[in-house]
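So the structure is just underneath, and the comments pick up after that.
The values are calculated or read from the model by the stated rules, or taken from the named source; none is laboratory data. For clarity, every value in this text was computed on a predicted model and none was experimentally measured. Backbone-built Cβ (ideal geometry, glycine too); neighbour counts: all protein chains shown. Ligands, DNA and RNA are excluded from the accessible area calculation, which covers all protein heavy atoms including side chains. Shrake-Rupley method; radii C 1.70, N 1.55, O 1.52, S 1.80 Å.
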Amino acid sequence: MTKNSFKIEGILNKALNGVDLKPEDIHQILSLEDQDLIQQVFETAQEIRRRYFGNELFLYGFVYFSTFCKNECTFCYYRNSNQQSPRYRKSVEETIKISKSLADSGVHLIDLTMGEDPVFYETNNFEKLANLVNDIKLETELPVMISPGLLPREEVTNLIDSGADFYACYQETHNQDLFQKLRLEQEYKERLEIKSFAKENGMLIEDGILLGVGEDIKDRVNSILTMKELGVHQGRVMSFVAQNGTPMEEYPTTSPSRTKELLVIAVLRLVLKDKLIPASLDVDGIKGLEKRLMAGANVITSIIPPRSGLAGVSNSTLDIEEGHRTVQGVKKIIKNLDLEIATKEEYKRWIDKERISAIKKDVKRSSC
Ligand code: SAM
Ligand code: MD0
Ligand code: SF4
């Protein structure tokens, strides 16, 4: 056994025994190049997933109902000034119809996503969004995630009252200088604090990072630990996909290999343990699913029905019209993997459990 493999084994045993990993432990894992050691990391991540989730996976339907955005995030295809991206705004009726078809197909949650659409943001009129959440909950009887961008606090409260369960709002990086180069109009702190606010008020929250946008390994370690500290219920990583018509169109000249993303997924599992970790179909489509699951992910996101006219984010069309990004498409992949799709009740139970444990922590804090 080499010195390095001895060290990695020690770190993985710590994770298996529930000991918190130190920044230097995470750094070691994220720096791995040796395929056998990387495989050991993936197996440990699978073992930890098994402890908390058995062999069950959750599936999220992705409804990008408005691609209009007032912002100019440098990495994003849908930044305001990009003339090349598909722009549409789905009607309420159509959004409900698509969500119902996703629910019927077997997803566990509907992710209602939009750009920071001026229709809402410039008039500060989010009532329509709250009504939409309400309608989708009633019609699908599923939990709803909202991914609407950086909302004003009172709107987060209104959306909670309308029944929104999950608030997704990704920092992309937790290096503040880099953040400012990516999300031009937004304040790092404000974007981070809105998630804490949503959580304190009873919502589940998701944060996430992009890989290959100029961060180094130290930044990745910092992101993973910041997400842990924030107490996310779901933590994601996605490799950056360069978008035509954006300032990062030709960035980077050398992008990190997908193995780096898989290692971050695995470390997220070692660190966040019983929380949700997505395998997004948005980066490499259906062909990238198996590896992400084998790295320890337990939620398949970005399921999009064909012929719905909906786009993806980092890959606006990949595998959508072919019907690969569907529950049926996913089933074909997981049937050989000793994994299965959870029931809707199991997902709801998970959400309820997280909510109850948040309330208990709150009561304990206020009685101290
Ligand atoms: N407008 C809302 C916002 O920015 O929070 C919701 C959109 S959210 C679904 C867009 C997310 O997709 C980003 O936070 C980022 O993580 C991911 N994304 C966007 N452009 C990407 C790209 N070029 N490559 C990979 N992921 C990307
Ligand atoms: C995904 N394209 O799941 C979606 C998106 C937004 N909450 C999620 C990034 O990959
Ligand atoms: Fe708009 Fe979101 Fe894209 Fe930024 S990431 S430009 S806020 S859609």
Exercise. Just wondering, is there one or more residues in the stretch 301-314 that are within 30 Å of residue 29 (Cα to Cα) and charged (D, E, K, R)?
Worked result: no
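Being within 15 Å of ligand 1 (Cβ to nearest atom) and either within 26 Å of residue 348 (Cβ to Cβ) or at pLDDT below 95 (or both): is that true of residue 250 here?
Working: within 15 Å of ligand 1 (Cβ to nearest atom): yes; either within 26 Å of residue 348 (Cβ to Cβ) or at pLDDT below 95 (or both): yes.
Here the answer is yes, as residue 250 does meet what is asked.
In the stretch 251-368, which helices (runs of 4 or more DSSP H) lie fully inside it and hold 1 or more residues that are farther than 27 Å from residue 8 by Cα, of a type in the set (A, V, I, L, M) and within 16 Å of ligand 2 (Cβ to nearest atom)? Working first, answer last.
Values: elements: 258-272, 281-284, 289-294, 327-334, 344-367.
In the stretch 251-368, the matching helices (runs of 4 or more DSSP H) lie at 281-284, 327-334, 344-367.
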Per the filter on the stretch 81-107, residues open to solvent by 60 Å² or more (accessible area, probe 1.4 Å) and farther than 24 Å from residue 184 by Cβ are 92, 93, 94, 97, 100, 104
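For the stretch 108-126, name all the residues that are without any contact (Cβ under 8 Å) to a residue 40 or more places away in the chain and open to solvent by less than 30 Å² (accessible area, probe 1.4 Å). Quick ask: steps written out before the conclusion?
Let us first name the residues in the stretch 108-126 that are without any contact (Cβ under 8 Å) to a residue 40 or more places away in the chain, namely 120, 123-126.
Within the stretch 108-126, 120, 126 meet the criteria.
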Scanning the stretch 172-225 residue by residue, those aliphatic (A, V, I, L, M), in a strand (DSSP E or B) and touching a residue at least 40 places away in the same chain (Cβ under 8 Å) turn out to be 204, 209, 210, 211
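On the basis of being under 20 Å from residue 281 (Cβ atoms) and either at pLDDT 95 or above or open to solvent by less than 30 Å² (accessible area, probe 1.4 Å) (or both), does residue 136 make the cut? Lay out the reasoning, then the answer.
Numbers: under 20 Å from residue 281 (Cβ atoms): no; either at pLDDT 95 or above or open to solvent by less than 30 Å² (accessible area, probe 1.4 Å) (or both): yes.
No, not satisfied.
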Checklist entry - Does residue 182 satisfy being farther than 26 Å from residue 349 by Cβ, among the aliphatic types (A, V, I, L, M), within 16 Å of ligand 1 (Cβ to nearest atom) and open to solvent by 10 Å² or more (accessible area, probe 1.4 Å)? => result no
Filtering the stretch 8-23 down to residues that are part of a helix (DSSP H, G or I), within 25 Å of the chain's Cα centre (by Cα) and not aliphatic (A, V, I, L, M) yields 23
With the first residue restricted to the stretch 151-170 and required to be farther than 15 Å from residue 111 by Cβ, and the second required to be open to solvent by less than 20 Å² (accessible area, probe 1.4 Å), Cβ contacts under 6 Å at 6 or more apart or on different chains are 155/126; 156/198; 158/130; 160/203; 162/130; 162/133
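For the stretch 1-19, what are the residues that are in contact with a helix residue (DSSP H, G or I) (Cβ under 8 Å, 6 or more places away or on another chain) and open to solvent by 50 Å² or more (accessible area, probe 1.4 Å)?
Let us first name the residues in the stretch 1-19 that are in contact with a helix residue (DSSP H, G or I) (Cβ under 8 Å, 6 or more places away or on another chain), namely 1, 4-5, 7-9, 11-12, 14-16.
Those that are in contact with a helix residue (DSSP H, G or I) (Cβ under 8 Å, 6 or more places away or on another chain) and open to solvent by 50 Å² or more (accessible area, probe 1.4 Å): 1, 4, 7, 9, 14.
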Considering residues that are surrounded by fewer than 20 Cβ atoms within 10 Å (Cβ to Cβ) and among the aliphatic types (A, V, I, L, M), the number found within the stretch 139-163 is 2
Note on residue 55: of the conditions (1) crowded, with 16+ Cβ neighbours inside 10 Å; (2) under 22 Å from residue 330 (Cα atoms), unmet is (1)
Of (1) within 11 Å of ligand 1 (Cβ to nearest atom); (2) touching a strand residue (DSSP E or B) at 6+ places or on another chain (Cβ under 8 Å), residue 191 fails just (2)
